[in-house]
Amino acid sequence: MDITQWYAVALGSLVVLFHVSHPLLLMMRISGTYIASSFLKHLYHPRVRLNIRGSNRYIGFSSKMARFDVLLVVLFLVGNAVCLSVEVKDVASLIKRSGLLCIINLVPLALGEHMNLVASFCGVRLSAYASMHKWLGRVVMAEGLIHSAAAISSQSLNLQSTFGAAAAGVLLLLSSLAWVRRRFYEVFQKLHLILAATLIAAIYLHSASKNIFKVPNCYLFAAVCLQISIGALRIGWTIYRNIKHRTPSLATIRTITYKKKSGNKTREIPVLDAVHVHVRLARPWKWRAGQWVYLSIPGLSRTSFAQSHPFFVSWWYRDAKGDSFIVLIIEKWKGFTKDIVTVGPRSEMRAIVEGPCGRELHLESYGTVLLFATGIGIAGQLPYVTQLLEGYHNYEVKGRRIALFWEMDSELHSAWVGDMMKELLKKDTDKSQILDIQLFVLGGYISSKTEPGDVKPLGKRIKMTYKAMNAEDLIRSEIDGRKGRTVVSLCTNNKTSDKIREAVRELLDKTIDLKELEYRPSS
């Protein structure tokens, strides 16, 4: 085999290692050895700041990668650099080598078409999966540019045959820029896929040989097969989930109100920046914390049929008829979410639910569970409180203390989950009462008499503090009085995550662990 074939094998091995990293990590945690603890402390939990930012407020991917993920990226980059250098003696060999490497790297890139499906199945962190996809794309584009530049310099470029590939590549690169994704999120989703398919077709037409079973077309064929297989699986799974005996999934939009008591009177203040969406499922599943779905409501607006966004399942229930519902908290931003919030109360609109996706954080083996959330991140943490309380009463979890810390921008936002929090406290009827909730309000005080730093009790076990959350002090105070093994779970913005991660890393040992939810609020 030549060096490119060895590279293809090595790349395949690296891709497999990344996709099985989650079960390997679970084995390390269970083993509790010094090597496993050192790996978690020095490679898995620490993040490396990257100058290339790629976050958007819908998805909330961090611009930081774990050291383990960075190590995989470095190995990938070194492998490509070696292949572009070894046995490349002239421009002609550089043209051939760079073009072939570009095509080989397209194969794992095809796995990113529906990364939520693949990442959920493999249990891989979605943020890490997205980062790997970006680095694969960057290298493919770089090698494509090297290939084109070398061909132009040697005057061996057939402009007519390569125009399509070059145009598709440039448009694909432009559509991948962070500001494009933020401003045109719905368009980006569809355009990115179309341009990727166009690029593969253009490369095939550019190739001298048209035999799909010979190099390099065999790699293009593999990429196409991966795309088609994953796409067909996704479509089939979505149809199965949303249609049962001609009964579709239906969505109901409900407004949120903040109830302020003043003596014997209750004043209702409408919350204008968020709604609850209750989705009646055509085919229910076994609900677990950490799950999220893609929601589409085709009849919401003229363009909503092409819009689909991810949301955490905040809670679930069955009505008197026995129908199963999931509840999504949707905060208003732009596009699809703005349409949902501003359209007002609507009942039983046909919905398409794709999922469930997401990997559950297993918190049942910890004696002390500390849950941190900022903003809409509460939608991801609340199901864990529900699940842990149910497990506690069924003697399925070891938890003896559950502490939920939530920082919000406005006091009105407490109404997003206010009723659900009260229900959870009612369920925590054991004499020990293991649940404790602390709320931190940054601004938007309802009462003009409220001052920064004020503390207001909302019952016996909910405390509202009118200042920013000091996560480091909260963690240290909880660690001092902890019961058994401790886990810190994050669904916070990047700034808060950085502070908590650093505080936990300093204390990290065999009895303290750190876990992060896949989706989290943007900073």
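Read-outs throughout are calculated quantities, based only on the coordinates presented, and are distinct from any laboratory measurement. Everything numeric here is computed off the predicted structure, so don't read it as measured data. Quick reminder, even Gly has a Cβ in these numbers, built from the backbone with ideal geometry, and neighbours come from all protein chains shown.
For the reader, a short list of remarks on this structure follows.
- Summed side-chain charge close to GLU87 - residues other than GLU87 whose Cβ falls under 9 Å, Lys, Arg +1, Asp, Glu -1: +1
- Pairs of alpha carbons in the range 378-486 separated by more than 21 Å make up 39% of all such pairs.
- Computed from Cα atoms, the angle from the helix 378-393 axis to the main principal axis of the chain rounds to 60 degrees.
- In plain terms, the residue of GLU396, GLU411, GLU518 with the fewest other Cβ atoms within 10 Å comes first and the most crowded comes last, giving GLU396, GLU411, GLU518.
- At R0 = 45 Å, FRET efficiency that the Cβ-Cβ distance of VAL215 and SER38 yields, to 0.05: 0.60
- Full extension of the chain between VAL78 and ALA232 gives 52.0 nm of extra length, using 0.36 nm per residue less the Cα-Cα distance.
- Mean ellipticity per residue at 222 nm, deg cm²/dmol - from DSSP H runs of n ≥ 4 across the chain, formula -39500 (n - 2.57): -14500 deg cm²/dmol
- Among the trypsin sites (Lys or Arg not before Pro) found in the range 413-501, those both in a DSSP coil and sparsely packed, with 12 or fewer other Cβ atoms within 10 Å of their Cβ, are LYS431, LYS449, LYS460.
- Against the rule of thumb 2.2 N^0.38 Å, how large the Cα Rg of the range 264-358 comes out: 1.14
- Diffusion coefficient, µm² s⁻¹, Stokes-Einstein with Kirkwood Rh over alpha-carbon pairs of the chain at 4 °C and 1.567 mPa s: 51
- Unsatisfied cross-links (Cα-Cα over 18 Å) in the set LYS261/LYS338; LYS427/LYS460; LYS286/LYS332; LYS260/LYS449; LYS96/LYS134; LYS41/LYS499: LYS261/LYS338; LYS286/LYS332; LYS96/LYS134
- Cα pair distances exceeding 11 angstrom across the range 282-326, given as percent: 71
- Cα-projected label distance for THR266 with LYS515, points at 7 Å along beta-carbon direction, nm: 3.5
- In terms of surrounding Cβ atoms within a 10 Å radius of their Cβ, ILE253, ILE378, ILE330, ILE30 rank from fewest to most as ILE30, ILE253, ILE330, ILE378.
- Put in order of Cβ neighbour count within 10 Å, fewest first, the listed residues THR368, THR429 become THR429, THR368.
- Under 18 Å from the TYR240 label point (7 Å along Cα→beta-carbon), backbone N, the range 293-331: 293-294
- Principal-axis analysis of the Cα atoms of the chain puts helix 3-19 at an angle of about 10° to the longest axis.
- Crossing angle, helix 21-31 versus the chain [Cα axis fit, 0-90 degrees, rounded to tens]: 50
- Applying 1/(1 + (r/R0)^6) with r as the Cβ-Cβ distance of THR247 and VAL343 and R0 = 25 angstrom yields a FRET efficiency of 0.55.
- Beta bridges per DSSP, both residues in the chain: antiparallel share near 60 percent.
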